[in-house]
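The values are calculated or read from the model by the stated rules, or taken from the named source; none is laboratory data. Remember, predicted model here, so these are calculated numbers, not experimental data. Cβ: placed from backbone, ideal geometry, glycine included. Neighbour counts: every protein chain shown.
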Amino acid sequence: MSDTKQSALDYFKSNAETKELFATTDGFLFTKRSDAMNHAKTLDFDHPSVETITNDGETEKITNEQLVNAVNAGIGAESIAPAKTSDAKTKPSVAEYKELKDKATVEYKELFGADPDSKLSGAKIQELNDAKKAELANEKN
């Protein structure tokens, strides 16, 4: 087991409420993905690498390509769901995240009559849509 993963497991033992940590190639651990990505860029700007270690022991990695594609698609780095190394084919692609956000945005405009905050992820916009639809359904009953 790597020193970084062992450090993460030790951290989880004393901070059980923490669900995931983000590790950079130099072994630093972060509780925020954005902080880890910013630090990773100082180590290798062209190819930053952040490993996600979850409290259940699974390991994930965000690649530079995922980050660049997300930024180009207008999706914030925090919205990227890294592919688990054990089941990389089950995670949606960046294009699928963009499609989700686009569909949720259209529905949001129909429900609320305005554009959603551009900083919201597609999943969060859809959550707001679902809440509004439930509210409207309750009003009809």
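Take the residues of the stretch 1-39 that are among the aromatic types (Phe, Trp, Tyr) and not in a loop (DSSP other than H, G, I, E, B): which is surrounded by the most Cβ atoms within 10 Å (Cβ to Cβ)?
Taking the stretch 1-39 first, the residues among the aromatic types (Phe, Trp, Tyr) are 11-12, 22, 28, 30.
From what's left, not in a loop (DSSP other than H, G, I, E, B): 11-12, 22, 30.
Details: TYR11: 15, PHE12: 19, PHE22: 24, PHE30: 17.
For the stretch 1-39, the residue satisfying everything is PHE22.
For the list (1) at pLDDT 85 or above; (2) acidic (Asp, Glu); (3) touching a helix residue (DSSP H, G or I) at 6+ places or on another chain (Cβ under 8 Å); (4) outside any helix (DSSP H, G or I), I need the number of the one condition that ASP117 fails.
All conditions are met except number (3).
Read through the list (1) in a helix (DSSP H, G or I); (2) touching a strand residue (DSSP E or B) at 6+ places or on another chain (Cβ under 8 Å); (3) modelled with pLDDT under 80, then give the number of the only condition that LEU67 fails.
For LEU67, the failing item is (2).
Scanning the stretch 76-114 for residues that are modelled with pLDDT of 50 or more and β-branched (Val, Ile, Thr), which turns out nearest to ALA23 (Cα to Cα)?
This residue is ILE80.
Hey, among the residues in the stretch 40-60 that are over 14 Å from SER7 (Cβ atoms) and more than 17 Å from the chain's Cα centre (by Cα), which one's surrounded by the fewest Cβ atoms within 10 Å (Cβ to Cβ)?
Among them, the one singled out is ASP46.
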